[in-house]
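**Q** Quick one: structure below, then a few questions.
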Amino acid sequence: MIKIRELMEADMQQAIELKVLCWTEELAGKAENTLSVSKELDSWVDWMNTAKENKDIRLLIGAFEDDKMLAVAFGSFAETDDIPEKGMELNGLWVYPDQRNKGISLKMLDYMIDFYLDKGMEKMVIYNLHHSPSNGFYQNFGAQLTAQIPQMGGKLLVDIFLSDMLLMKKNIESSLKKYV
């Protein structure tokens, strides 16, 4: 049985290794992978531990089956440039390739949406590489493409999606029925 729980600092090494694995895949050969697990680990652990001083509520969750990590997702309050108020940002959602198409990402998003709805959030912003197959996933559940920004010297285009969290939750719950 798949269990979703908050990540502990001891989980972060594996979570970041998964992030780097997926990042390489998402680049789709458009740019060189410049991510270092050790640098990313230091950065994300710091981010994990500095929520309170930044007046943020950050949620780092993992999906586990028999203590085996299957996927991770990170969320936080959105910057006011992204959503003026009542918004959260999906900072990342990464699933091991052999665990995809099993509804795990849906369960994680549902968990995250419930968490942030309880905090009064209404909208979700998602930054995603333009060539990533997950763009269709987010659009399928109600996210709207609102902007695109070039990064890495114009080598990568990043799509910015905005979604109403209640609409996304409704669409996710409907889709989750096929995995029960």
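Only the coordinates and a few stated rules stand behind these numbers; no lab work does. These numbers were taken from a predicted model, which means no experiment stands behind them. Note that we place each Cβ from the backbone using ideal geometry, even for glycine, and neighbour counts take in every protein chain shown.
**Q** Out of Leu7, Leu21, report the one residue that is touching a residue at least 24 places away in the same chain (Cβ under 8 Å), under 30 Å from Gly153 (Cα atoms), in contact with a strand residue (DSSP E or B) (Cβ under 8 Å, 6 or more places away or on another chain) and not small (Gly, Ala, Ser).
**A** Going through Leu7, Leu21 in turn, just one is touching a residue at least 24 places away in the same chain (Cβ under 8 Å), under 30 Å from Gly153 (Cα atoms), in contact with a strand residue (DSSP E or B) (Cβ under 8 Å, 6 or more places away or on another chain) and not small (Gly, Ala, Ser): Leu21.
**Q** Could you list, in sequence order, the residues of region 79-120 that are under 15 Å from Ile160 (Cβ atoms) and outside any strand (DSSP E or B)?
**A** Glu79, Thr80, Asp81, Asp82, Ile83, Pro84
**Q** Somewhere in region 102-121, is a residue at positive phi and not charged (D, E, K, R)?
**A** yes
**Q** Right, something else. Please work out which residue is nearest to the chain's Cα centre (by Cα), limiting yourself to region 3-18 and to residues that are part of a helix (DSSP H, G or I), under 20 Å from Phe115 (Cβ atoms) and of a type outside the set (Gly, Ala, Ser).
**A** Across region 3-18, the extreme among qualifying residues is Met12.
**Q** Can you pull out the residues in region 10-20 that are of a type outside the set (D, E, K, R), in contact with a helix residue (DSSP H, G or I) (Cβ under 8 Å, 6 or more places away or on another chain) and surrounded by fewer than 19 Cβ atoms within 10 Å (Cβ to Cβ)?
**A** Correct list: Gln13, Val20.
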